[in-house]
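> Submitted below is the structure of interest, expressed as structure tokens.
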Amino acid sequence: MPTFGNAQLKLLERLCNVIAISGDESEVRNIVLKEVKPYADEVKVDALGSVLATRLGRGRKRTRVMLDAHMDEVGFMIVDEDGDGLYRFETVGGIDVHHLVGKQVFVGKERTPGVIGAKPIHLMNGDEYTRKVPLDALRIDVGLSGKAKVGDRAGFATRFRRVGPSILAKSIDDRIGIATLIQLFRDLPPNIDLCAAFSVQEEIGLRGAKVAAQYFNPDMAIAIDSTPANDLPLHDGSENMSYNTKLGLGPAIYIADGSTLHDPRLVRFLRETAEAEKIPYQIRQPGGGGTDSGAIQRSLAGIPTVSVSVPHRYTHSPVSIARVDDWKHTINLLHAALKRITPELLILR
Ligand SMILES: [Zn+2]
């Protein structure tokens, strides 16, 4: 089993605390490059900004395996200046405007602190109490520091916290995948050539992964991500039957989502690996949503692809919650799977 402890959690903390809104992923990219370079046979930053790192195995008849995790997170882009320290903004990626009022953000490379302004309750009248505030009524207020400019990205100003068995942080989607991929890259079994794609722009349409798959042309691929758990009790006390995944049940293996029917050979292989190694796992409820697998599977002449995610609650909000053990089991499952891969796995049965 790969090493798992304080060093891995420290790396995840660094990854969650930097900001990398889609199209401006340099802060995560710099960490990734530093972590993978010592182990890589080849590292390249492609035209979109993804890190494409290759590490060759040592065995005969090696399988070419692409592992993908996305570096970007949802956030904001400054689109206009109103003066007086106030800026209009658009969301980048899927963000519910409900989550925004009163939240602190960092703007631009200088990390100018700001707040997404809200009208105080004392000044509200009529239906303002109950109405959803439209995005175009919100502003980022940087308090006259004047350092923001149009095109700057802004991200949630949340600090990583470890609380007992849980992690509270922003952008667990998908820094936990990035940290997993770094760990697997260091600890490579000899039977595979690992093509690691640290992709850009997943949150706005799986763009980096598409280019990465075309560059690597792998025999198979696994997208490593983090998926919403939605496992809270329902407000009316009835049983929650659409939980997607649940915290604490281990890595979530995908069968079908909004953009992919996952390769049945690889789904079966991951389940068999988990059962043989006694690693807990769960099947993500088939349904909407998706990962980079949607772009990878349909690249070139088609690539056998599956997804594995660490579950978390409160997706695309200022703070998400995941369990440390779910993450550890995800690393262990993927590591065990990589060790067991043979070319025969991909022969159609
Ligand atoms: Zn994601």
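The values are calculated or read from the model by the stated rules, or taken from the named source; none is laboratory data. Not measured: the values here are computed from a predicted model. Please note: Cβ atoms are built from the backbone with ideal geometry, for glycine as well, and neighbour counts cover all protein chains shown. What goes into the accessible areas is simple: the full protein's heavy atoms, side chains included, and nothing from ligands, DNA or RNA. Shrake-Rupley method; radii C 1.70, N 1.55, O 1.52, S 1.80 Å.
> Evaluate the following for E272: is it farther than 24 Å from P218 by Cβ, open to solvent by 10 Å² or more (accessible area, probe 1.4 Å) and of a type outside the set (A, V, I, L, M, F, W, C)?
It is false that E272 is farther than 24 Å from P218 by Cβ, open to solvent by 10 Å² or more (accessible area, probe 1.4 Å) and of a type outside the set (A, V, I, L, M, F, W, C).
> Which residue, of D263, D257, is away from the ligand (no atom under 16 Å from the Cβ) and either within 30 Å of I116 (Cβ to Cβ) or buried (at least 20 other Cβ atoms within 10 Å of the Cβ) (or both)?
D263
> Can you go through G59, G83, G94, G102 and tell me which one is touching a His at 6+ places or on another chain (Cβ under 7 Å), among the small types (G, A, S), over 16 Å from L184 (Cα atoms) and open to solvent by 20 Å² or more (accessible area, probe 1.4 Å)?
G94
> Only residues that are open to solvent by less than 50 Å² (accessible area, probe 1.4 Å) and under 14 Å from G294 (Cα atoms): list them for the range 192-204, please.
Listed by number, the residues that qualify are S199, Q201, E202, E203.
> May I ask you to list pairs of residues, at least six apart or on different chains, whose Cβ atoms are under 6 Å apart, with the first in the range 310-335 being part of a strand (DSSP E or B) and the second being of a type in the set (F, W, Y) and surrounded by fewer than 23 Cβ atoms within 10 Å (Cβ to Cβ)?
Listed by first residue and then by second, the contacts come to S320/Y314.
> If I ask for residues that are in a helix (DSSP H, G or I) and open to solvent by less than 30 Å² (accessible area, probe 1.4 Å), which ones from the range 3-25 would you list?
Residues satisfying the conditions are Q8, L9, L11, L12, L15, C16, N17.
> Tell me whether the range 142-162 contains one or more residues that are buried (at least 18 other Cβ atoms within 10 Å of the Cβ), under 21 Å from K246 (Cα atoms) and within 16 Å of the ligand (Cβ to nearest atom). Before the answer, list the steps.
Applying the first criterion (buried (at least 18 other Cβ atoms within 10 Å of the Cβ)) to the range 142-162 yields 142, 148, 152-158, 160.
Those still in the list that are under 21 Å from K246 (Cα atoms) too: none.
Taking every residue of the range 142-162 in turn, none turns out to be buried (at least 18 other Cβ atoms within 10 Å of the Cβ), under 21 Å from K246 (Cα atoms) and within 16 Å of the ligand (Cβ to nearest atom).
> Here's another thing I want to ask about it. Can you tell me which residue in the range 200-229 is nearest to L48 (Cα to Cα), limited to those that are part of a loop (DSSP other than H, G, I, E, B) and within 15 Å of the ligand (Cβ to nearest atom)?
Selected residue: V200.
> Enumerate the pairs (first residue in the range 282-300 and within 21 Å of M66 (Cα to Cα) and open to solvent by 20 Å² or more (accessible area, probe 1.4 Å); second residue anywhere and of a type in the set (G, A, S) and modelled with pLDDT under 95) with beta-carbon separation below 9 Å, excluding pairs fewer than 6 apart on the same chain, so at least 6 apart or on different chains.
G290/G258; G290/S259; Q297/S259; R298/S259
> Which is under 21 Å from D96 (Cα atoms), open to solvent by 10 Å² or more (accessible area, probe 1.4 Å), within 15 Å of the ligand (Cβ to nearest atom) and not in a loop (DSSP other than H, G, I, E, B), of D173, D136, D127?
D173
> Next up: V43 is checked against (1) in contact (Cβ under 8 Å) with a residue 12 or more places away in the chain; (2) more than 16 Å from the ligand (Cβ to nearest atom) and fails just one. What number does that condition carry?
Result: V43 passes all but (1).
> Got at least one residue in the range 26-48 being part of a loop (DSSP other than H, G, I, E, B) and crowded, with 20+ Cβ neighbours inside 10 Å? Spell out how you get there, then give the answer.
Step one: list which residues in the range 26-48 are part of a loop (DSSP other than H, G, I, E, B), which gives 40-41, 46-48.
This time we only want the ones that are crowded, with 20+ Cβ neighbours inside 10 Å, so: none.
There is no residue in the range 26-48 that is part of a loop (DSSP other than H, G, I, E, B) and crowded, with 20+ Cβ neighbours inside 10 Å.
> So which residues in the range 301-314 are within 16 Å of the ligand (Cβ to nearest atom) and either open to solvent by less than 40 Å² (accessible area, probe 1.4 Å) or acidic (D, E) (or both)? Step through it out loud before you land on a result.
Step one: list which residues in the range 301-314 are within 16 Å of the ligand (Cβ to nearest atom), which gives 305-314.
Once the filter is applied, which keeps residues that are within 16 Å of the ligand (Cβ to nearest atom) and either open to solvent by less than 40 Å² (accessible area, probe 1.4 Å) or acidic (D, E) (or both), the range 301-314 yields T305, V306, S307, V308, S309, V310, P311, H312.
> Looking at the structure I just gave you, is V105 within 22 Å of the chain's Cα centre (by Cα), in a strand (DSSP E or B) and over 19 Å from I331 (Cβ atoms)?
Taking the combined requirement at face value, the residue satisfies it.
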